[in-house]
Amino acid sequence: MDIDSSVAYTPYTAEQALQANILCATCGAPMSGNTGMAMCEDCIRLNVDISEGIQREASVHYCSGCQRWLQPPQHWVSCTLESKELMALCLRRLRGLSKVRLVDASFIWTEPHSKRIKLKIKVQDAYQSTFLVQTFEVEFVVVYTQCPDCAKSYTPNTWRACVQVRQKVPHKRTFLYLEQLILKHNAHKDTISIRETKDGLDFFYAQRNHAVKMVDFLSAVAPVRSQKSSELISQDIHTSTKSYKFTYSIEIVPICKDDLVCLLLCTKIGNAIHLMDPNTLQVAEISNQVFWRGPFASLANVSELTEYFILNVEPIGPTRGKYVLADVEVMRTSDNHQFTTRSHLGGILHPGDDAMGYHLMGSNFNNDHFEALSENKIPPVILIKKHYPRGKKNKNRHWKLQHIAREESETLPRKQDQERAERDYELFLREIEEDTELRQTLQLYKNTRKNPLKTQKMEGVEMEMDTEEQQSEMEEDEDQDGLPAISMDELLDEFDDMTMKDDDE
């Protein structure tokens, strides 16, 4: 009779006797029965889906015109791709995400043209007495649409606020300078459209606060006065809501730099008017509020300047900055008449130079203040600035300016108006070259589109220009020697912008 071998028996300890061990209902692994669950933790992680009520697909709306995203219900926000703002916007679009705890979220790279945004999301939740962590992916479809602001911009007469800027002067120099200041400070970013009129510019906005910002900007850079008017568009009698259109009328002072104001020279126009007496170098500043209490006009502007030839310069002594008081003997180039006058340009002018000035001897300005002056106090000539003889139009500039894309007026400009605008623009460019302080307030760009060389090559054949054209260009180059030039260090690199255009276009 065979006897079975002895079986090892390990008695339960007191701690093990308190724990009732059971088998998992799914995999049969031993587990503790005190938890009250029929499955072990591994089986719970495999069979329980804590992200069951969370969306796996959603859509987001994107406006390609202003590059903004829709944040429901009606708010549009600017977000860059794979930014925190865009991730927060996408997570708010998921239904059921608030039922679990969000642990982590990150972007998954997709093709830029795929119109898809993918997120990798990690969530945590408690199932009975077990904490579960799960990771899943969510795909968002980018739906291209138009925001209400962009839709209004393509529809005529949908503006809510308009800023009308006017100046009653016979030239456009002020608006050329104002355009460069607007570009430098990007003050036109909220405009729907910009329209050019006869005496100024009209800026149209979709919101009233954007127009108020433009009014504040203009008040900070130029002496202006503004008036506001409103027009009722619609009214709801049930809710007492009204819709208005607002118009801001901005008038710039009719005085520009280098204008003659009752024997005083206007040396600078900022948020105030700066005047100087060329006989004593005394300066005065007229604030915006003081000017509009008693407005006055200038005696003469730069279109009435006369060219003079400098014969002799004798400095007297008093100086103020770059200005030196001196007695200057000049000769008018048109009839060779000689005059002796006192000028503030003693440190700038030298014998043999050319200068521009106002001829006052025998002039009739039809001004009560000028007629009240005695003839002994009126100098024959008041010199304004040094003149650099050059060609009609310099096409070889290695710098250029940017311009705001604007709409022209409905009526076509006359030929003489176009010629006057071209002449004003050329004078503005020359003033930039000659005035260093003016260049510091503007942004100049490198001109990459230069004129062709004197010899052109086509299909391996070198074609020479006519000798007359070569001789004329050589004469222009010789005439331009000694002209003030702008160094390359002062120029910025050209960049592409849909809202700007350069001089060549």
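Quick notes on this one:
- Contacts under 9 angstrom Cβ, first residue in segment 54-68 being in contact (Cβ under 8 Å) with a residue 24 or more places away in the chain and under 10 Å from E139 (Cβ atoms), partner of a type in the set (D, E) and outside any loop (DSSP other than H, G, I, E, B), 6 or more apart: R56/E137; R56/E139; E57/E139; A58/E139
- Which numbered condition E139 misses (of (1) farther than 30 Å from L232 by Cβ; (2) open to solvent by 80 Å² or more (accessible area, probe 1.4 Å); (3) touching a residue at least 40 places away in the same chain (Cβ under 8 Å)): (2)
- Segment 437-456, subset among the β-branched types (V, I, T) and modelled with pLDDT under 85, residue nearest to the chain's Cα centre (by Cα): T448
- Long-range neighbours under 7 Å by Cβ, at least six apart or interchain, first residue among the polar types (S, T, N, Q) within segment 234-260, second modelled with pLDDT under 90 and open to solvent by less than 50 Å² (accessible area, probe 1.4 Å): S234/S243
- For segment 60-101, filtering for residues that are surrounded by 12 or more Cβ atoms within 10 Å (Cβ to Cβ) and part of a strand (DSSP E or B) leaves 11.
- Per this entry, C162 is not counted among residues that are touching a Cys at 6+ places or on another chain (Cβ under 6 Å) and over 30 Å from S51 (Cα atoms).
- Any pair with Cβ under 6 angstrom, 6 or more apart, that starts in segment 307-323 at a residue that is without any contact (Cβ under 8 Å) to a residue 40 or more places away in the chain and ends at one that is surrounded by fewer than 14 Cβ atoms within 10 Å (Cβ to Cβ) and not polar (S, T, N, Q): N312/P351
- A count restricted to segment 329-339 and to residues that are in contact (Cβ under 8 Å) with a residue 24 or more places away in the chain, open to solvent by 60 Å² or more (accessible area, probe 1.4 Å) and in a strand (DSSP E or B) stands at 1.
- Some residue of segment 107-114 being under 30 Å from R208 (Cβ atoms) and modelled with pLDDT under 90: no
- Selection over segment 334-358 of residues that are more than 44 Å from the chain's Cα centre (by Cα) and among the β-branched types (V, I, T) gives a count of 2.
- In segment 348-371, the condition of being under 23 Å from T436 (Cα atoms), at pLDDT below 90 and touching a Pro at 6+ places or on another chain (Cβ under 9 Å) is met by no residue.
- Lone qualifier among Q180, Q164 - being touching a residue at least 60 places away in the same chain (Cβ under 8 Å), crowded, with 18+ Cβ neighbours inside 10 Å and part of a helix (DSSP H, G or I): Q180
Conditions (1) among the basic types (K, R); (2) modelled with pLDDT under 95; (3) over 22 Å from the mean Cα position of the chain (by Cα), marked per residue:
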| site | (1), (2), (3) |
| --- | --- |
| R173 | yes, yes, no |
| K184 | yes, yes, no |
| K198 | yes, yes, yes |
| D202 | no, yes, no |
| Y205 | no, yes, no |
| L218 | no, yes, no |
| A222 | no, yes, no |
| H238 | no, yes, yes |
| K257 | yes, yes, yes |
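- Any hit, segment 378-396, residues being open to solvent by less than 90 Å² (accessible area, probe 1.4 Å), touching a His at 6+ places or on another chain (Cβ under 7 Å) and either modelled with pLDDT of 90 or more or part of a loop (DSSP other than H, G, I, E, B) (or both): yes
- Remark: pairs (first residue in segment 119-134, modelled with pLDDT of 80 or more and open to solvent by 80 Å² or more (accessible area, probe 1.4 Å); second residue of a type in the set (G, A, S) and part of a strand (DSSP E or B); Cβ separation under 6 Å; 6+ apart in sequence or on different chains) = K120/S106.
- Among the residues of segment 34-48, the ones that are in contact (Cβ under 8 Å) with a residue 24 or more places away in the chain and exposed (fewer than 13 other Cβ atoms within 10 Å of the Cβ) come to 1 in all.
- When K257 is tested against (1) of a type in the set (K, R); (2) open to solvent by 60 Å² or more (accessible area, probe 1.4 Å); (3) out of contact with any His (no Cβ under 6 Å at 6 or more places or on another chain), exactly one condition is not met: (2).
- Of the residues making up segment 316-329, those that are modelled with pLDDT of 90 or more and more than 45 Å from the chain's Cα centre (by Cα) are D327, E329.
- Count of residues meeting criterion [in a strand (DSSP E or B) and of a type in the set (S, T, N, Q)] in segment 102-137: 5
- A single entry from H350, H369 fulfils the requirement of being in a helix (DSSP H, G or I) and open to solvent by 60 Å² or more (accessible area, probe 1.4 Å): H369.
- Counting only strands (runs of 3 or more DSSP E) that sit wholly inside segment 262-328, those with at least 1 residues that are out of contact with any His (no Cβ under 8 Å at 6 or more places or on another chain) and exposed (fewer than 14 other Cβ atoms within 10 Å of the Cβ) are 306-320.
- Check on S51, in a strand (DSSP E or B) and either in contact (Cβ under 8 Å) with a residue 12 or more places away in the chain or in contact with a Phe, Trp or Tyr (Cβ under 7 Å, 6 or more places away or on another chain) (or both): no
- Considering segment 203-245, the residues that are in a strand (DSSP E or B) and in contact with a Leu (Cβ under 7 Å, 6 or more places away or on another chain) include one that is least open to solvent (accessible area, probe 1.4 Å), namely V224.
The values are calculated or read from the model by the stated rules, or taken from the named source; none is laboratory data. Just so it is clear, the model here is predicted, and its values are computed rather than measured. Positions of Cβ are backbone-derived with ideal geometry, glycine not excepted, and every protein chain shown enters the neighbour counts. Accessible surface is based on the protein model in full, side chains and every heavy atom, while ligands, DNA and RNA are left aside. Shrake-Rupley method; radii C 1.70, N 1.55, O 1.52, S 1.80 Å.
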